[in-house]
Each structure stands twice: as C-alpha cells, then as structure tokens.
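Engineer: Submitted below is the structure of interest, expressed as structure tokens.
The values are calculated or read from the model by the stated rules, or taken from the named source; none is laboratory data. Everything numeric in this text was worked out from a predicted model, so none of it was measured. Positions of Cβ are generated from backbone atoms using ideal geometry, with glycine treated the same way; all protein chains shown enter the neighbour counts.
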Amino acid sequence: MAEKGRPTELSKNRREEQDHVSNHRGEERSKARDAFEARPQAKGVRLSLRVAYDRQCRIGAENRACRRNNRAVILLSSTKNAIFNALSLSRRWHLMPNCAQAEGCGILETEDSTFGRESIGGERTNMSTEKNTDRFAVTNNVSAQSSIPPRREKTPAERVMPPVVYRLPGMDTARVHSNLKYSDVENPYLLMDVYTPSNLSKDERRPVIVCIHGGAGAQYKPKDWGFYQSWGRLIAAAGMVGVTFTHRLGYPKPFLSDSAADVGKAIDYIREHADSLNADRDRICLAAWSAGGPLLSTAMREKPTFVRCMVAFYAYLDCQQSQSHTENELPATVRAFSPITYFQADPSPMIPIFVARAGQDEIPTMNDSIDRFMAAAIAVNAPVTFMNHPLGEHGFDNQNDDERSREIIRSAIAFMHTHLQ
C-alpha cells in the first residue's frame with residue numbers, strides 16, 4: 001500500500017510546488033505592474049501601460065519566456081497601432097529568443113524604463129529590426145527601437161530647410177549655375193541648379209550626381225530647400241557635379257509618369273550641355289530620396305550605359321503597398337514604377353545601387369518596401385550595398401546630427417566615387 005501511495009504523494013508535492021511558483025510569479029507581475037504605474041513619467045499613459053503589460057504577460061504565459069526575475073518587460077507588437085519607446089537607464093536591451101518565436105512578437109527587456117509616445121504618426125508602421133534572425137524578413141516585422149526620447153512634431157520648414165549634417169571643405173565655394181530651364185513643359189517651377197567644384201578648368205569633366213527629390217509638388221520648389229542646396233554643395237566639394245531640380249512628383253497624387261518624364265528631361269539637358277557644365281555625360285549617378293525612389297525604375301528597366309550607379313536614401317523601392325500610390329495610379333503603373341520589379345535571375349547587367357534605411361522611419365510602408373527590395377536583391381545576388389541607421393528618422397541625413405548619419409553619407413559618397421571612375 002505504501003508503494004502504491006508514493007506516486008500520489010509525489011504528485012501532491014509537485015502540485016504544491018507548482019502552486020507556490022505560480023503564486024510567486026503572480027506576485028512578481030503584480031509588483032512590477034504597480035511599480036510601472038507609480039512612476040511619475042507614466043502619468044497619462046497608465047491605461048496603455050496596463051494594456052501592454054497585461055498583453056505581455058498573456059503572451060509570455062503562452063510562450064514560457066516573458067519573465068526575467070523582477071525586471072520590467074515591455075511588449076512591442078507590429079499587430080498593434082501602439083509602439084512603446086523604452087528608455088533604459090542601463091541602455092541595454094535585447095530580444096528574448098524564446099518569446100521572439102511567437103508570431104508578431106518582439107520583446108524589449110530593461111531594468112528601468114520610462115515611456116514615450118504611444119504611436120508614430122497615428123498610423124500603423126511596419127518596421128524591421130537588426131536583431132531579427134533574418135535581417136531582411138518582410139513579414140511580421142517589429143521595430144526593436146533603441147533608447148530614444150519622444151519626438152515633437154516638426155514643421156515642414158524644420159524638415160526641409162536644415163542642411164545635410166556632413167560637411168566637406170569647399171562646400172561654400174562651389175560654383176552654382178542657377179535656375180536653368182531644363183524642360184519645355186509650361187511650368188514655371190521646373191528649373192535646375194548645377195553645382196560644380198570651384199576652380200575647374202574649361203576642359204575638365206567631372207561625374208554627375210542627379211538628385212531626385214521626393215513627393216512635394218513643383219510649386220514648393222524643392223531644389224531651393226536648404227537640404228538639397230547643401231547636398232549639391234557637398235557633391236561639388238567631393239569633386240563631382242551635383243544636379244538638383246524641381247519636378248512634378250506630388251503628394252498624395254504622385255503623378256509618376258509626369259515626374260518620370262521630368263527626370264528624363266533633366267538627364268537629357270545635362271548630357272546635352274555637359275561641356276558648359278564641366279560634366280561627364282557618360283558617368284552619371286541617380287540619387288533618390290523618399291518618394292523619389294520609384295523614379296529609379298526607368299534606369300533599372302532600360303539600363304542606360306551612362307548611368308553607372310544609383311543611390312536610394314530612405315526611399316520607396318516597392319510602392320505596390322503604398323496607399324498614396326495604389327489609390328491614385330493604375331496597378332500597371334504602380335508595378336512599373338516599383339524598382340523591385342526589375343530584379344532578374346542574371347544580375348550581371350544590373351546597375352549597382354546603394355540603399356540607406358532609416359530604422360525609425362515614421363512613413364507607413366516605407367521600411368517595409370525597403371525590406372522587400374533587399375530580400376529580392378539578396379535572392380538574386382544583386383549588386384546592392386546596404387546601410388541602416390538604427391536610430392535614424394525619415395530624413396536622418398539632415399535630422400539626426402550623429403556619427404551614424406555622417407558615416408552613411410560618407411559611405412554613399414565613396415560608393416559614388418567608386419562606380420563613377
């Protein structure tokens with residue numbers, strides 16, 4: 001009878017032990033939650049905090065990984081409209097690998113945290129993280145945001161007028177050919193500025209960087225923004241010819257065909273007037289920013305020999321999931337203007353491209369388009385150079401005055417030099 005009773009006794013002891021552990025964990029969760037709500041910084045976001053914390057605990061129970069002593073665990077989910085920023089006093093964070101196996105689940109773990117804004121731009125964003133096991137995963141991407149403070153909303157002028165955060169000697173002395181009429185379209189805003197290094201002899205020819213702005217509307221004269229003026233001067237100081245011009249790319253209606261025609265006219269103008277602009281008509285790089293990315297599609301499709309390389313800064317490289325594109329353009333047009341469309345099995349004739357990604361980009365589907373493009377590029381072993389700014393916002397090259405921004409800009413210029421020799 002004693003032998004028969006032993007398993008019952010062991011089972012009873014095991015249940016008691018499990019109950020004790022369960023009660024202890026419940027106390028830990030309750031203490032951590034109370035500690036969160038007691039923080040002065042949490043005032044005003046307590047309800048959101050409770051929702052996030054309770055959801056974290058529920059998913060943690062399912063995955064047996066959302067607990068780590070008495071530390072605070074914060075859930076960031078790409079399936080929610082809320083994104084919580086964690087400021088760690090130790091500035092250390094990592095993904096918890098077991099919990100990360102849950103679909104759409106990314107965990108930041110920190111010992112002491114305050115919370116920033118609940119959402120970015122009021123819309124769902126789909127941003128990936130370098131901590132992912134698959135760097136170019138395009139499904140269920142979660143932004144593992146580092147310790148960054150909440151950002152106040154910036155005015156348009158604060159976005160477009162500051163200069164690029166990287167400088168070279170000679171920027172202030174660059175020669176500028178201003179307000180060149182490059183198109184026969186009856187639009188007074190379709191003008192071009194050309195920046196050349198100072199003190200060039202008449203016969204010298206330098207490679208050309210054609211800068212393609214994002215969606216703004218010609219009436220706002222993007223070529224006159226401080227951002228593109230400084231890029232033109234930076235390119236000239238780097239020993240090349242910088243071309244900035246206003247075209248008809250708009251928002252929310254992009255007018256892709258019209259703006260692509262403008263880009264073609266701008267390139268033709270530079271090549272036709274190359275001698276008077278110290279430009280080498282056969283060494284051209286196309287550089288696009290933001291919504292200007294789709295305008296690289298023509299070169300990717302036609303592969304002109306004079307286009308030696310391309311650069312894309314936080315740019316749409318697949319606009320087939322962009323609402324402003326799909327609602328205002330025909331499906332065939334959207335596909336034709338998605339650079340991702342032109343990857344092929346044999347990448348040898350493809351134009352080399354440099355892709356810079358803003359890790360904290362707030363533009364919906366922007367990073368998702370870059371991630372899909374990179375996945376497709378790697379799949380065919382395409383000549384792509386990729387750099388990510390983990391803390392960079394949209395427009396980091398004039399918004400994030402930090403060493404990573406300067407490193408990416410330096411690398412982009414070096415990429416241009418390499419492929420334009």
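Engineer: Which of the following residues is in a loop (DSSP other than H, G, I, E, B) and either outside the structural domain of residue 337 (by TED's automatic domain parsing) or touching a Cys at 6+ places or on another chain (Cβ under 6 Å) (or both): 252, 150, 163, 169?
Structural biologist: Values: 252 fails: either outside the structural domain of residue 337 (by TED's automatic domain parsing) or touching a Cys at 6+ places or on another chain (Cβ under 6 Å) (or both); 163 fails: either outside the structural domain of residue 337 (by TED's automatic domain parsing) or touching a Cys at 6+ places or on another chain (Cβ under 6 Å) (or both); 169 fails: either outside the structural domain of residue 337 (by TED's automatic domain parsing) or touching a Cys at 6+ places or on another chain (Cβ under 6 Å) (or both).
Of the residues listed, the single one that is in a loop (DSSP other than H, G, I, E, B) and either outside the structural domain of residue 337 (by TED's automatic domain parsing) or touching a Cys at 6+ places or on another chain (Cβ under 6 Å) (or both) is 150.
Engineer: Limited to region 376-389, what total is found for residues that are buried (at least 16 other Cβ atoms within 10 Å of the Cβ) and out of contact with any strand residue (DSSP E or B) (no Cβ under 9 Å at 6 or more places or on another chain)?
Structural biologist: Count: 1.
Engineer: For residues that are in contact with a Leu (Cβ under 9 Å, 6 or more places away or on another chain) and in a loop (DSSP other than H, G, I, E, B), scanning just region 205-224, find the one that is surrounded by the most Cβ atoms within 10 Å (Cβ to Cβ).
Structural biologist: Top of the filtered list is 213.
Engineer: Would you please name the residue that is modelled with the highest pLDDT, looking only at residues in region 172-204 that are in contact with a Lys or Arg (Cβ under 6 Å, 6 or more places away or on another chain), assigned to a loop (DSSP other than H, G, I, E, B) and under 14 Å from residue 235 (Cβ atoms)?
Structural biologist: If we take residues in region 172-204 being in contact with a Lys or Arg (Cβ under 6 Å, 6 or more places away or on another chain), assigned to a loop (DSSP other than H, G, I, E, B) and under 14 Å from residue 235 (Cβ atoms), then 174 is modelled with the highest pLDDT.
Engineer: For residues that are at pLDDT 95 or above, polar (S, T, N, Q) and at positive phi, tally how many sit in region 359-415.
Structural biologist: Here the count works out to 1.
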